[in-house]
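All remarks here apply to the structure that follows.
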Amino acid sequence: MSLSENNSNSEAVRAEALIEQIEEYNYQYYVLDQPSVPDAQYDRLMRELLQLEKDFPNLVSENSPTQKVGGKPAHGFPPIEHLTPMLSLDNVFSEQEFKDFARKISERLDLTTPQGEELSYVGEPKLDGLAISIIYRNGKLEHAATRGDGRTGENVTLNVRTIGSVPLRLRGDFPPLLDVRGEIFIAKSDFEILNRNAIERGEKTFANPRNAAAGSLRQLDPRITAKRKLSVYFYAVGSASDGYLASSHRQRLQQLKSWGLPICPEIQLLSGVNQNIEYYKLISEKRDQLPYDIDGVVFKVDSIDQQQQLGFVAKAPRWAIAHKFPAQEEVTKLTSVDFQVGRTGAVTPVARLEPVFVGGVTVSNATLHNMDEINRLDVRVGDTVVVRRAGDVIPQVVSVVKAERIENAKKIVKPEVCPVCQSAVEKEADQAVYRCTGGLVCSAQRTQSMIHFASRKAMDIDGLGDKLIELMIDEEIIHHLSDIYRLTVDKVSTLERMAEKSASNLIESIENSKQTTLEKFLYALGIREVGEVTAYNLAHQCLDINTIAKSTLQELEAIKDIGPIVAGHIVHFFANPQNLQIINELQQLGVHWPDIEKKSAEMMPLTEQVWVLTGTLSQMKRNEAKQRLLALGAKVSGSVSKNTNVLVAGEAAGSKLTKAQTLGITIYSEDEFVEFLDRIGG
Ligand code: 5U1
């Protein structure tokens, strides 16, 4: 029945127009990655359509975007046979293995060059999600199935319909029958939100985005799936009506896109083995910046003709291969748990592990965060645990292999007193962290405070690293921050392996560090939750350290970005006479900074603006660029959002640049940025 048969023509026409407009916005958002209207406008159209369908129920069509969430499946997910088998991919784990694969292809295709240098491939990131097959008949989503055993999958149609980027109707010149294959995944940011919400509700968390995607897709209630923000990229055609498909894989992907099916934007056409190897390196480097998890790169021979010549082995095609990254998760044994004390007294449990190779390095320690996390994981000493190391992130224990729990696995108990100074350990209400109450009495807190004090963004004392500070505290050459400025070449030379030349270099760096800025000095003091930006705002609002020390909670809360918690930490820090004495001593020993002039509004032209810096800058250090922007009143953020005013994109800018382009944000190259600073005198 057409929409207009039972209604006044105008309502039916309006409903169809709304559906088309919403589908168009979905296409621009999910497929072209170019949102064309603000969310509010989209929501208005959606509400209007919902109201129209409520008033005229016979206008509701299966294709309507309001019908993405339907009823519950009667009996879980019934089996469904695939039109053509869902294949898997063979893997290689090294460049050499990839070259061997390419050589075999070259031989089978009788190419003249040994490794098929003239052969075209398509490179695609290998998403770490869940394979899906979706059948569109006459352009309408008919059903969707998981891979299952490759021949028969589970019917997850109702859940797949809820995924925003899966179109219910195709557009353009699509084949009457299309079986399209792709990967369902959850973006890293959505995964984090999902787990954060689960923790807040005291529910179980997912170990990784792949599990979260699989768990969300297999919810019996599609309304739950709908809330989980799943996404999809399509990467192949299982089958299609004759005469519609192009003769190369790359062109077929373009066809999918033109029919409204999103494809991964990182896909590239590559010529020959060397370009494939370069592509693998490029995607490996981009991996941490990509908004979704990937576990490798897929290479496919581009020509369908050549694909057909190559054929299949068992369940995998000969014309494609997955070059996998080193695993980011591994299993190992938890041998013990130590509690480490940080600069602010936080007592953090650290898992000691049987060494395991994960994420490209050997890991023998991993964070367990806090006691709440230990309880949530129900982890015990002796357990077999899953360790994850992704990019530069500190390795973490993500789950316990309960099936392998040994009989005498030992529960982990929180220390009653600080493991370093034996002071009492306390937990603040609403916080998961236990803290040592020893303050500067605690040598661990003193050590960590000094490491922070000497660090690059703080007092920047070249040569005074972690190990040397630990050694000097152990040898009782230094006790408090101010002792750093009492060091002499003679004292330092008494340390093992410290030649006189190194000792005098160190003393020279210490001397140089005396000339600093108020914001760096404030940051170096290590006041809880006072990072660089807060330190800058404090310095430039209050202008001198005595004013800061005397400020009340209310006065501090009036400063940009300082809320009641941070204000409380600042007041608490300056209320401690020991801290005041150390500040005084540091100044007596020569630490100084130039006066700060109160800036007028005209001198802060970027107030209220949010800037983001990305990529590599060649004309100044990232930190200098940040300081100059802060001095002009801007807020400098680490991530791009619709609130960003300007993105400065240096060399090799990655996903932040793409996101800024998508959101239509002003983008400055480094040259434009420098010119801008010159123009406004910043
Ligand atoms: N990017 C991509 N992932 N992936 C997974 N392409 C791709 N192709 C696959 C699989 C299982 O199979 C092809 C053989 C269609």
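Remarks
- Of the Cα atoms belonging to the stretch 314-447, the radius of gyration and Dmax stand at 18.3, 67 Å.
- The stretch 412-463 - Kirkwood radius from inverse mean 1/r over Cα pairs (Å): 12.5
- Only alpha carbons enter this Debye calculation for the stretch 602-680, each as an equal point scatterer, and the log10 of I(q)/I(0) it gives at q = 0.11, 0.26 Å⁻¹ is -0.24, -1.39.
- Taking Cβ atoms as reference points and 14 Å as the exclusive limit, the residues near THR332 contribute a net charge of -1, counting Lys and Arg as +1 and Asp and Glu as -1.
- Between PHE56 and GLU20, the C-beta separation translates, for a Förster distance of 25 Å, into a calculated FRET efficiency of about 0.90.
- Cβ-defined net charge surrounding GLU470, 15 Å radius [Lys, Arg +1; Asp, Glu -1]: -2
- Sparse packing (at most 14 other Cβ atoms within 10 Å of the Cβ) combined with a DSSP loop state is found for the following trypsin sites (Lys or Arg not before Pro) in the stretch 488-593: ARG497.
- Projected area, mean over directions - the stretch 82-180, Cα convex hull, nm²: 8.8
- Efficiency of FRET from Cβ geometry, GLU557 and SER639, R₀ 25 Å, rounded to 0.05: 0.50
- Reciprocal of mean inverse Cα separation for the stretch 295-381 (Kirkwood radius, Å): 16.7
- Across LYS188/LYS642; LYS427/LYS656; LYS68/LYS402; LYS598/LYS642; LYS188/LYS281, pairs whose alpha-carbon gap is larger than 26 Å: LYS427/LYS656; LYS68/LYS402; LYS598/LYS642
- Volume per residue for the stretch 389-503 equals 208 cubic angstrom (convex hull of Cα atoms).
- DSSP beta bridge pairing in the stretch 346-502, given as percent antiparallel to the nearest 5: 95
- Assigned charges on the beta-carbon of Lys, Arg, Asp, Glu; the stretch 142-222 dipole about Cα centre (debye): 80
- Column: log10 I(q)/I(0), Debye, Cα scatterers of the stretch 514-649, q = 0.11, 0.14, 0.15, 0.17 Å⁻¹: -0.44, -0.70, -0.79, -0.99
- All C-alpha pair distances within the stretch 30-159, sorted into 10 Å bins from zero, spread as 9, 22, 25, 22, 12, 7, 2 percent across the bins.
- Summing charges over neighbours of GLU585, with a neighbour being any other residue whose Cβ is under 15 Å away from its Cβ, gives +2 when K and R count +1 and D and E count -1.
- Within the chain: Cβ-based charge dipole about Cα centre, in debye rounded to nearest 20 (Lys, Arg +1; Asp, Glu -1): 1300
- Convex hull volume of the C-alpha atoms in the chain, normalised per residue: 219 Å³.
- Here the simple spin-label model places points 7 Å from the Cα toward Cβ, and for ASN197 and ARG103 these points are separated by 5.2 nm.
- Based on alpha carbons, the Rg and Dmax found for the stretch 268-311 are 12.8, 37 Å.
- Helical runs assigned H by DSSP (4 residues or longer) give the chain a calculated mean residue ellipticity at 222 nm of -10500 deg cm²/dmol, each run adding -39500 (n - 2.57) before division by the residue total.
- A DSSP coil position with no more than 13 other Cβ atoms inside 10 Å describes the following trypsin sites (Lys or Arg not before Pro) in the stretch 622-682: LYS642.
- Think of the chain as having a plus end and a minus end, set by charges on the Cβ of Lys, Arg, Asp and Glu; of PHE574, ALA601, ILE277, ILE277 sits farthest toward the positive end of this dipole.
- Spin-label proximity, LYS227 to the stretch 164-206 - amide N less than 20 Å from point 7 Å beyond Cα toward beta carbon: 164-165, 185-206
- Where no second cysteine Cβ lies under 4.7 Å, the cysteines concerned in the chain: CYS264, CYS542
- Cα-projected label distance for VAL350 with ASP490, points at 7 Å along beta-carbon direction, nm: 3.6
- Under the combined filter of DSSP loop state and at most 15 neighbouring Cβ atoms within 10 Å, the stretch 175-279 retains these GluC sites (Glu not before Pro): GLU203.
- For the stretch 221-352, convex hull of alpha carbons as volume per residue, Å³: 247
- Counting Cα-Cα pairs of the stretch 550-615 in 10 Å increments starting at 0 gives whole-percent bin shares of 16, 27, 38, 18, 1.
- Charge-dipole axis of the chain as Lys and Arg at +1 and Asp and Glu at -1 on Cβ define it, positive-most pick from ILE461, VAL156, GLY615: VAL156
- Projected onto planes of every orientation and averaged, the convex hull of the alpha-carbon atoms in the stretch 428-495 covers 5.6 nm².
- The stretch 116-266: equivalent-ellipsoid semi-axes (sqrt of 5 x gyration tensor eigenvalues, Cα, Å): 29, 18, 13
- Computed label-point distance, nm, for sites ARG44 and GLU500 using a 7 Å Cα→Cβ extension: 8.0
FYI, it's all coordinate maths here, none of it is from the lab. All figures in this text were calculated on a predicted structure; none of them were measured in a lab. With ideal geometry, Cβ positions are generated from the backbone for all residues, glycine too; neighbour counts draw on all protein chains shown.
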